[in-house]
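Heads up, the thing below is written out as C-alpha cells.
What follows draws every value from the coordinates through simple rules; no lab data is involved. Keep in mind the model is a prediction, meaning the values are calculated, not measured. Reconstructed Cβ throughout: ideal geometry from the backbone, glycine too, with neighbour counts over all protein chains shown.
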Amino acid sequence: MENLPGNPVGILGALSGNALISKVAEFGLQLLKAVYDLHYLGFVHRDIKPENVGLYHDEILVLYDLGMSRFYTNKEGKVREPRCHIGMRGTDEWASLHAELGRDQGRVDDLWGWFYVLIEWMNCASKYPLCWAAFENDPDLRHFCKSGLFPAKYVLRNCPPEFFKIQRYLRCLGRDDSPDYLYLAKLLLQAKKTADGTPAAEASAPFADEEDDEKWSQRMSFLERLYD
C-alpha cells in the first residue's frame with residue numbers, strides 16, 4: 001500500500017463541529033460504496049477497520065487488506081449456509097458482536113465494521129473513540145457495549161441523529177439479509193446536507209475534551225463494577 005500514504009484521521013483530526021460531520025459523511029459514503037462493491041462480487045471483507053482504509057491524493061478513499069475476505073455466496077449466487085462455529089475473524093474493537101462470538105459472518109457484519117469506523121472518526125480526538133475501547137482486555141464488557149441492551153447515546157456520543165437511525169436499521173438485519181445500501185447512503189447524505197447548511201454559530205462540537213474523557217471514564221466505570 002505504498003501508493004496510499006493518506007490517512008483519513010489526518011484530515012478529520014483538524015476538523016470540528018459541522019465540518020467534521022460533513023467530512024465523516026463524505027468519507028463514509030465512499031467507504032459504503034467500497035463495501036457494496038465487494039458484496040456485489042460475492043465477498044465479505046470481515047476485517048473493516050480504520051487501519052484498512054487509506055486515501056489516494058487525500059480525497060479518494062480505498063478499502064484494502066482482503067486477507068480475511070470470503071465468499072458469502074455459492075456457485076448459484078445464493079447465500080451460503082452458516083457454519084456452526086468458526087472462531088473469531090477480524091479485529092475485536094471493530095468486529096460485530098456476532099463476529100466476536102465466533103459466528104459465521106454476512107454482509108451485515110461488514111456494515112457494523114463500517115459503522116464503527118464512522119463512529120471512531122466522529123470521536124477521533126477522544127481518548128476512547130469507541131466506548132468499548134476502554135475494555136480492550138475484557139470481552140464480556142465489550143460484548144455488552146455492542147449489544148442492544150447498552151444505551152445508544154453512549155455508543156453514539158457526538159454523532160449526528162442519522163447515526164441512531166443507522167444503528168436501529170443494522171440491528172434489524174440478519175446474517176442472510178440483503179442490506180439496503182441506498183437507505184444508508186441517504187442517511188449519510190442527509191447528515192452531510194444538514195451539517196453543510198447549518199450556520200457555524202449553531203454547530204455542535206463533536207470532540208470530547210480532556211474533561212469530557214474524565215467524565216466519560218467515570219460514567220463507564222459502573223460497567224467494570226458489574227463484572228467484578
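Cβ-to-Cβ counts within 10 Å put Phe150, Phe115 in ascending order as Phe150, Phe115, the fewest first. Between the amide H of Tyr72 and those of Phe43, Val44, distances stay under 5 Å, these residues lying 5 or more places away or on another chain, with hydrogens modeled in the peptide plane. Oblate is the label for the stretch 37-106, because the ratio a/c of its alpha-carbon gyration tensor axes (a ≥ b ≥ c) is 1.5 or higher and a/b is not greater than b/c. Among residues other than Pro139 with Cβ under 12 Å from its Cβ, the summed charge is -4 (Lys and Arg +1, Asp and Glu -1). In terms of surrounding Cβ atoms within a 10 Å radius of their Cβ, Met122, Met68 rank from fewest to most as Met68, Met122. One Cα centroid belongs to the stretch 112-149, the other to the stretch 10-60; the line between them spans 17 Å.
Neighbours of Leu29 by Cβ distance under 14 Å: Lys/Arg scored +1, Asp/Glu scored -1, total 0.
With equal scatterers on the alpha carbons only and no solvent term, can you work out the Debye log10 of I(q)/I(0) for the stretch 19-136 at 0.11 1/Å? Taken in order of the listed q values, log10 I(q)/I(0) reads -0.38.
Given axes a ≥ b ≥ c from the Cα gyration tensor, I'd like to know whether the stretch 8-226 is rounded (a/c under 1.5), prolate (a/b larger than b/c) or oblate. Taking the square roots of the gyration eigenvalues as a ≥ b ≥ c, the stretch 8-226 is oblate. Would you list which lysines come within 19 Å of Lys192, measuring only between C-alpha atoms, while excluding same-chain residues fewer than 8 positions from it? Correct list for Lys192: Lys23, Lys33, Lys165.
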